[in-house]
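S.K.: Sharing a structure with you now.
The values are calculated or read from the model by the stated rules, or taken from the named source; none is laboratory data. The shown structure was predicted, so the numbers you read here are calculated from the model rather than taken from an experiment. For neighbour counting, all protein chains shown are included, and Cβ atoms are generated from backbone atoms with ideal geometry for every residue, glycine included. For the accessible areas, the whole protein counts, side chains as well, though only heavy atoms, and no ligand, DNA or RNA atoms are used. Shrake-Rupley method; radii C 1.70, N 1.55, O 1.52, S 1.80 Å.
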Amino acid sequence: MKKIEVIQNVLEANETIASRNQQLLDKHKVFAINIMSAPGAGKTSLILQTLTRLKGRLNIAVIEGDVASTVDAEKVQSEAKAVVQINTRNMPESCSLIAAMIESALKDMPLDNIDLILIENVGNLICPAEFTLGEHKRVVISSLPEGDDKPIKYPLIFIDADAVIINKMDLLPHVDFDIAAFRRSIVGLNPKVEVFQLSSKTGEGIERWCSWILEQVETNVVNR
Amino acid sequence: MLHQMHELGVTENIVNITLAKAGEAQANKVIQINLVVGELSGFVPDCIQFYFDTLSKDTIVQGAVLHFESVPAQLRCRNCSTIFPPQDTLWSCPKCGGQSVEIFKGRELYIESVEVE
């Protein structure tokens, strides 16, 4: 019997495709944001709000990841420049988008006419943390009804996030959510993280989020 | 089975990497695959084993033992550099009480070695 040293990251195959995706996006000057959250935290609503507010300023495409159905794609269809729905049900990873799925979605997109791609990941706080897609920024949405302990229960997704959104702020009077404690725990895990408090329903705080996106996209284009 | 199954693709990678390494070594059979899995990584050994049994069928990897070495989570305080295990929901440093911590160990998922003949 012979022992062969390997020391090879099992996720390397995904990371290789992810960096290829980013090169392709960079070549076409497209900025990509991976939006992750638990089911029901408000990914689709926030994307809709963002599309409406940034219309005329950025050409935005959306990649929708769901285990099944096209309901989310239908909702954003009229506002986005292009929409690709990915159903993960019959794929090797059903609980998260992976880089290979984005690679094939990008083939269906008019990249030269797009400034920004919003990628709505599958609703899940565990699996998407493990897979990079080739995105430029990773954003996690936490909504008030989920409770303020999520960063401690699912630390990985928060540790790698560039921004965290506290959504459904309009529900604050009705739930026990300690905003200060939540902010302390995410900043503890991830000191550079940007935090937004907003409500997709009332529109409160959306302006600041959209300005952040514009700033990111502009900085990215200038740096290339 | 529909939810939270991200081990299939990962197991495919494990089989592919092992096949490549065993091929380079001109091995006839793979006896054992030694994997290192961090406690904080989202991967479940039982799940990897389940897919492995199917994916390795009719290859020289079929029947190999999957050996999982679990790496316990360790955190490092960004303030005083103390390394400590996470205490349930409390991730503050036991030495200085700092709440700014980084993961020192526990995110691993790699093949350490394969045993062939």
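S.K.: Sort out which residues of region A:87-115 are closer than 21 Å to A:Q22 by Cβ, within 14 Å of chain B (Cβ to nearest Cβ), free of Cβ contacts under 8 Å to residues at least 60 places away in the same chain and outside any loop (DSSP other than H, G, I, E, B), and write them in order of number.
M.R.: A:M101
S.K.: What is the residue count in region B:25-51 for residues that are over 12 Å from the mean Cα position of the chain (by Cα), modelled with pLDDT of 95 or more and either surrounded by 16 or more Cβ atoms within 10 Å (Cβ to Cβ) or not in a loop (DSSP other than H, G, I, E, B) (or both)?
M.R.: Number of matching residues: 4.
S.K.: So, in region A:1-59, how many residues would count as being farther than 30 Å from B:L66 by Cβ and either in contact with a strand residue (DSSP E or B) (Cβ under 9 Å, 6 or more places away or on another chain) or not hydrophobic (A, V, I, L, M, F, W, C) (or both)?
M.R.: Keep residues of region A:1-59 that are farther than 30 Å from B:L66 by Cβ, which gives A:21-35, A:37-59.
If we keep only those that are either in contact with a strand residue (DSSP E or B) (Cβ under 9 Å, 6 or more places away or on another chain) or not hydrophobic (A, V, I, L, M, F, W, C) (or both) too, we end up with A:21-23, A:25-35, A:37-47, A:49-59.
Matching residues across region A:1-59 total 36.
S.K.: When you check A:E103 against the structure, is it out of contact with any Cys (no Cβ under 9 Å at 6 or more places or on another chain) and at pLDDT 95 or above, yes or no?
M.R.: Numbers: out of contact with any Cys (no Cβ under 9 Å at 6 or more places or on another chain): yes; at pLDDT 95 or above: yes.
Yes.
S.K.: I'm told B:E115 meets every condition in (1) part of a strand (DSSP E or B); (2) surrounded by fewer than 19 Cβ atoms within 10 Å (Cβ to Cβ) except one. Can you identify the failing condition by its number?
M.R.: (2)
S.K.: Here's something else I'd like to know. If the requirement is being surrounded by 24 or more Cβ atoms within 10 Å (Cβ to Cβ) and over 14 Å from B:H6 (Cβ atoms), which of these qualifies: A:I114, A:I141, A:I86, A:I98? Please lay out each step first, then the result.
M.R.: Working: A:I114 fails: surrounded by 24 or more Cβ atoms within 10 Å (Cβ to Cβ); A:I86 fails: surrounded by 24 or more Cβ atoms within 10 Å (Cβ to Cβ); A:I98 fails: over 14 Å from B:H6 (Cβ atoms).
Within the list A:I114, A:I141, A:I86, A:I98, the selection yields A:I141.
S.K.: Right, here's the next one. If the requirement is being touching a residue at least 12 places away in the same chain (Cβ under 8 Å), in contact with a strand residue (DSSP E or B) (Cβ under 6 Å, 6 or more places away or on another chain) and of a type outside the set (G, A, S), which of these qualifies: B:L40, B:L55, B:L8, B:L66? Spell out how you get there, then give the answer.
M.R.: Working: B:L40 fails: in contact with a strand residue (DSSP E or B) (Cβ under 6 Å, 6 or more places away or on another chain); B:L55 fails: in contact with a strand residue (DSSP E or B) (Cβ under 6 Å, 6 or more places away or on another chain); B:L8 fails: in contact with a strand residue (DSSP E or B) (Cβ under 6 Å, 6 or more places away or on another chain).
The unique qualifying residue is B:L66.
S.K.: Here's something else I'd like to know. (1) out of contact with any helix residue (DSSP H, G or I) (no Cβ under 8 Å at 6 or more places or on another chain); (2) more than 13 Å from every other protein chain (Cβ to nearest Cβ); (3) open to solvent by 50 Å² or more (accessible area, probe 1.4 Å): which one isn't true of B:R76, the others all being true?
M.R.: Here B:R76 meets the rest and fails (2).
S.K.: Return the residues of region B:11-23 that are of a type in the set (D, E, K, R) and either touching a helix residue (DSSP H, G or I) at 6+ places or on another chain (Cβ under 9 Å) or modelled with pLDDT under 95 (or both); say none if nothing qualifies.
M.R.: Initial filter on region B:11-23 (of a type in the set (D, E, K, R)): B:12, B:21.
If the condition is that a residue be of a type in the set (D, E, K, R) and either touching a helix residue (DSSP H, G or I) at 6+ places or on another chain (Cβ under 9 Å) or modelled with pLDDT under 95 (or both), then B:E12 is the only one that fits.
S.K.: Given the conditions (1) open to solvent by less than 80 Å² (accessible area, probe 1.4 Å); (2) without any contact (Cβ under 8 Å) to a residue 12 or more places away in the chain, report the number of the one that B:V101 does not fulfil.
M.R.: Single failed check for B:V101: (2).
S.K.: I would also like to ask the following. Across region B:1-24, what is the number of residues that are at the interface with chain A (Cβ under 7 Å from one of its Cβ atoms) and either under 17 Å from A:I126 (Cα atoms) or assigned to a strand (DSSP E or B) (or both)?
M.R.: Just the residues of region B:1-24 that are at the interface with chain A (Cβ under 7 Å from one of its Cβ atoms), to begin with: B:2-6, B:8-10, B:12-14, B:17, B:21.
Still in the running and either under 17 Å from A:I126 (Cα atoms) or assigned to a strand (DSSP E or B) (or both): B:2-6, B:8-10.
Matching residues across region B:1-24 total 8.
S.K.: Looking at region A:1-13, I want the residues that are within 10 Å of B:I14 (Cα to Cα) and within 7 Å of another protein chain (Cβ to nearest Cβ) and have a partner that is open to solvent by less than 30 Å² (accessible area, probe 1.4 Å) and not aliphatic (A, V, I, L, M) with Cβ atoms under 8 Å, at least 6 apart or on another chain. Which pairs are those?
M.R.: Hits for this filter: A:L11/A:E130; A:L11/A:F131.
S.K.: Additional query: Given the criterion part of a loop (DSSP other than H, G, I, E, B) and at positive phi, identify the matching residue among B:G98, B:G63.
M.R.: Values: B:G98 fails: at positive phi.
That would be B:G63, the only listed residue that is part of a loop (DSSP other than H, G, I, E, B) and at positive phi.
S.K.: Restricted to region B:79-98, and to residues that are at the interface with chain A (Cβ under 9 Å from one of its Cβ atoms) and surrounded by fewer than 19 Cβ atoms within 10 Å (Cβ to Cβ), which residue is farthest from B:F50 (Cα to Cα)?
M.R.: Within region B:79-98, the first condition is being at the interface with chain A (Cβ under 9 Å from one of its Cβ atoms), and the residues that meet it are B:86, B:88-92, B:98.
Now drop any that are not surrounded by fewer than 19 Cβ atoms within 10 Å (Cβ to Cβ), which leaves B:88-90, B:98.
Values: B:D88: 29, B:T89: 31, B:L90: 34, B:G98: 41 Å.
Once the filter is applied, the top-ranked residue is B:G98.
S.K.: Yes or no: A:M36 of a type in the set (A, V, I, L, M, F, W, C) and crowded, with 21+ Cβ neighbours inside 10 Å?
M.R.: Yes, satisfied.
S.K.: Considering only residues that are hydrophobic (A, V, I, L, M, F, W, C) and at pLDDT 90 or above, which ones fall in region B:84-109?
M.R.: Initially, region B:84-109 is screened for residues hydrophobic (A, V, I, L, M, F, W, C), giving B:84, B:90-91, B:93, B:96, B:101, B:103-104, B:109.
If the condition is that a residue be hydrophobic (A, V, I, L, M, F, W, C) and at pLDDT 90 or above, then B:F84, B:C93, B:C96, B:V101, B:I103, B:F104, B:L109 are the ones that fit.
S.K.: Within region A:164-174, can one find any residue that is crowded, with 20+ Cβ neighbours inside 10 Å, in contact with a helix residue (DSSP H, G or I) (Cβ under 7 Å, 6 or more places away or on another chain) and within 18 Å of A:C95 (Cα to Cα)?
M.R.: no
S.K.: Condition test on A:S37, is it in contact with a Gly (Cβ under 7 Å, 6 or more places away or on another chain) and polar (S, T, N, Q)?
M.R.: Details: in contact with a Gly (Cβ under 7 Å, 6 or more places away or on another chain): yes; polar (S, T, N, Q): yes.
In short, yes.
S.K.: Those residues that are touching a Ser or Thr at 6+ places or on another chain (Cβ under 9 Å), more than 14 Å from chain B (Cβ to nearest Cβ) and open to solvent by less than 60 Å² (accessible area, probe 1.4 Å), I need them from region A:181-204; list them, please.
M.R.: Selection gives A:S200 alone.
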